[in-house]
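The values are calculated or read from the model by the stated rules, or taken from the named source; none is laboratory data. Predicted model, so just to flag it, every value in this text is computed and none were measured. Cβ coordinates were reconstructed from backbone atoms using ideal geometry, including for glycine residues, and neighbour counts include every protein chain displayed.
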Amino acid sequence: MKKVIWLSIIIVVIEVIAALILLPLLPEQIPIHWNIHGAVDGYGGKWFIFLSPLMTAAFTGLLAILPRIDPKRRNAERSAAAYSALILMLNLLFVVMFIITALASLDIPVSVNHILLPAIGILFIGLGNYMPKIKQNYFFGIRLPWTLANETVWTKTHRLGGWLFMLDGFLFVIAALVPPPLNFILPMAGVVLILVVTTVYSYIIFRKQPDGD
């Protein structure tokens, strides 16, 4: 995971340098939020151009610390590949957000929905691929009372969750090709479905375990 941390630091440095170069070229107010139609509906001071590198640094620092304080630290260490992938994919998503903000701030036409939705989809697909490899821990994965209480339940739930995350990732990608509000409803319905299905499935599996009540 050390390699990913160093890579994240490099990403932050590059983003900060890019933000410093762009700062004198930006208007006093820059776009910072878009609605489901891809239209700007929120503005902030030009210093918001530093938001993405700050979020990259904050999330990287937090995600690097959490495994060290996890009571199941050994399992967290065994999940290093999945954890590293999460850090890297989140950081790349922040880079995409930085690029979108920079382009929009410079009045360069950019289709937010056609960029951000597939980027989120790739994140979901990547997480789904690594999810079955996540070992039982308190900070990363599908943390429900039943998955944390039983390792078998954790394993089976994450196998199913992995497939569901990947399917919803494809929904995010497809959503970039459909008009609003379906581009928002379609993938978010998938997120809700993941929450419901994994919760119910994990409970059913738990009840079938010898130590389940």
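Yes/no matrix, rows are residues, columns are (1) over 22 Å from the mean Cα position of the chain (by Cα); (2) surrounded by fewer than 16 Cβ atoms within 10 Å (Cβ to Cβ); (3) modelled with pLDDT under 95; (4) within 17 Å of SER79 (Cβ to Cβ):
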| position | (1), (2), (3), (4) |
| --- | --- |
| HIS158 | no, no, no, yes |
| GLY161 | no, no, no, yes |
| PHE165 | no, no, no, yes |
| LEU182 | no, yes, yes, no |
| VAL191 | no, yes, no, no |
| SER202 | yes, no, no, no |
| GLY212 | yes, yes, yes, no |
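Given the conditions (1) modelled with pLDDT under 90; (2) touching a Phe, Trp or Tyr at 6+ places or on another chain (Cβ under 7 Å); (3) within 25 Å of GLY126 (Cβ to Cβ), report the number of the one that THR56 does not fulfil.
Condition (1) is where THR56 drops out.
Between a residue in segment 64-93 that is without any contact (Cβ under 8 Å) to a residue 60 or more places away in the chain and any residue that is part of a loop (DSSP other than H, G, I, E, B) and of a type in the set (A, V, I, L, M), which pairs come within a Cβ distance under 6 Å, given they are 6 or more apart or on different chains?
ALA82/ILE134
Inspect all residues belonging to segment 158-180 and state whether any of them is among the β-branched types (Val, Ile, Thr) and not in a helix (DSSP H, G or I).
Looking through segment 158-180, at least one residue is among the β-branched types (Val, Ile, Thr) and not in a helix (DSSP H, G or I).
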